[in-house]
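Chemist: My questions will all concern the structure given below.
We did not get these values from a lab; they are worked out from the coordinates using the rules stated. Predicted, not measured: the structure shown is a model, and the values here were computed from it. Glycine gets a Cβ as well: all are built from the backbone with ideal geometry, and neighbour counts include every protein chain shown.
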Amino acid sequence: MSRWQPNARGRLEQAALELYSERGFDQTTVAEIAERAGLTERTFFRHFADKREVLFWGQSALLDTLVKTVADAPDPAAPIDAVVAGLEAAAGLLQERRPQARQRQAVIAANAGLQERELIKLATLASATADALRRRGVKDPAASLTAEAGVAVFKVAFERWIDKANDSDLRQLIRESLEELKAVTRGA
C-alpha cells in the first residue's frame, strides 16, 4: 500500500457502497472497506467517524446550502418559493452523484437502523429550514408547515430521481413534485 494515493475519500466511499451492496451493511467491517479501497483503517477514520458516515457525510453541505439559499432568497419571495430555491440549490450538490445516490439508497432501504438515520437527516433538514424561514419573518405554524412540505417535495423528487427508469434532472423533479403538491391542495 502506498503512503499517499489521490481521492482517498472517494475510493473509501465506493468500496463501502460496493461491500454494503454485496454483503450488507451490518456484515461489512471498516477493515474490509479500507482493504478494498487500498488504504488503511487509519485513513478511513481520517475521513469518516464510522461506517455509517460513509452514507451520510454530505449532510452538512446539503443542509448549509439549503439554509443559506432560503436565507438569501429575495425579500418578496413566498416562503415555499424560498424553500424550493434552497432545494434546487441542494440538488445541485447531488446531480452528478446519481449512481452513488442509487447505491446509497438501496443500502439504506435494506437496513432499519440506516432508515432511522435517514429520517433523522430529513427531520434535521426540515427543522433548519423552518428556522431559516422564521429568521425571514415567517411565523409558525406557516414556517414549520412550509419546511415540512418542502422536505416532502424533496423526498418524493429524490425517490423519482434515483429510479433507474427516470433520467430527469433532480431540479426539474423538485419543481414537478411541488406542482403536484399544489394541485392536491387545490383539490384538482
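Chemist: Between Gln172 and Leu145, what length in nm is gained on full extension when 0.36 nm per residue of separation is reduced by their alpha carbon distance?
Modeler: 7.5 nm
Chemist: Evaluate the charge dipole of the chain about its Cα centre and quote only its size in Debye, nearest 20, assuming +1 on the Cβ of each Lys and Arg and -1 on the Cβ of each Asp and Glu. Intermediate values should be presented prior to the final figure.
Modeler: Details: 27 positive and 27 negative charges, 62 e Å.
About 300 debye.
Chemist: Also: Can you tell me the length gained on complete extension of the stretch Asp81 to Thr40, counting 0.36 nm per residue apart and subtracting the Cα distance?
Modeler: On the way: separation 41, 0.36 × 41 = 14.76 nm, distance 4.57 nm.
Contour length minus the Cα-Cα distance gives 10.2 nm.
Chemist: Extending each Cα 7 Å along its Cβ direction at Ala165 and Ser127, get the distance between those two points in nm, one decimal.
Modeler: With each label placed 7 Å out from Cα toward Cβ, I get 3.7 nm.
Chemist: For the peptides 121-130, 23-32, what is the packing order when you average, over each peptide's residues, the other Cβ atoms within 10 Å and list the highest mean first?
Modeler: Working: 121-130: 19.1, 23-32: 14.2.
Going from most to least packed, we get 121-130, 23-32.
Chemist: Counting other beta carbons within 10 Å of each residue's own, what order do Ser168, Ser144 fall into, fewest first? Intermediate values should be presented prior to the final figure.
Modeler: Working: Ser168 12, Ser144 18.
The fewest-first ordering by Cβ neighbours comes to Ser168, Ser144.
Chemist: At 15 Å minimum axial length over the Cα atoms and a Kyte-Doolittle cut of 1.0, report the qualifying DSSP H helices in the chain, or say none.
Modeler: Details: long enough: 8-23 (22 Å, -0.82); 59-72 (20 Å, 0.49); 79-94 (23 Å, 1.49); 98-109 (16 Å, -0.96); 112-135 (35 Å, 0.01); 142-162 (30 Å, 0.91); 170-186 (24 Å, -0.42).
Helix filter hits for the chain: 79-94.
Chemist: Using the basic label-point model (7 angstrom from Cα toward the beta carbon), what is the Lys155 to Arg98 distance in nanometres?
Modeler: Simple spin-label model gives 2.4 nm for this pair.
Chemist: Among Ala152, Gln115, Ser177, which residue has its Cα positioned farthest towards the positive end of the charge dipole of the chain, with +1 placed on the Cβ of Lys and Arg, -1 on the Cβ of Asp and Glu, and the dipole taken about the Cα centre?
Modeler: Gln115
Chemist: Is the shape of region 8-54 best called rounded, prolate or oblate, per the rule: a/c under 1.5 gives rounded, else a/b larger than b/c gives prolate, else oblate, with a ≥ b ≥ c the square roots of the Cα gyration tensor eigenvalues? Before the final figure, lay out each step's value.
Modeler: Details: a/c = 1.64, a/b = 1.43, b/c = 1.15.
It is prolate, given that a/c is not under 1.5 and a/b is the larger ratio.
Chemist: So how far, in whole Å, is the C-alpha centre of region 11-60 from the one of region 112-188?
Modeler: After rounding, the separation between the Cα centres reads 28 Å.
Chemist: Please work out the FRET efficiency for the pair Arg134 and Ala183, using the Cβ-Cβ distance as r and a Förster radius of 25 Å; give the result to the nearest 0.05. It would help to have the intermediate numbers written out before the result.
Modeler: Numbers: r = 28 Å, r/R0 = 1.11.
Computed FRET efficiency for Arg134 and Ala183 comes out at 0.35.
Chemist: When the dipole is taken about the Cα centre of region 8-54, and only Lys, Arg (+1) and Asp, Glu (-1) are charged at their Cβ, what size is it in debye, to the nearest 20?
Modeler: Charge dipole of region 8-54: 200 debye, to the nearest 20.
Chemist: If you take Kirkwood radius over Cα pairs in Å from the coordinates, which of (1) 17.2; (2) 17.8; (3) 16.6 do you get?
Modeler: Derived directly from the coordinates: (2).
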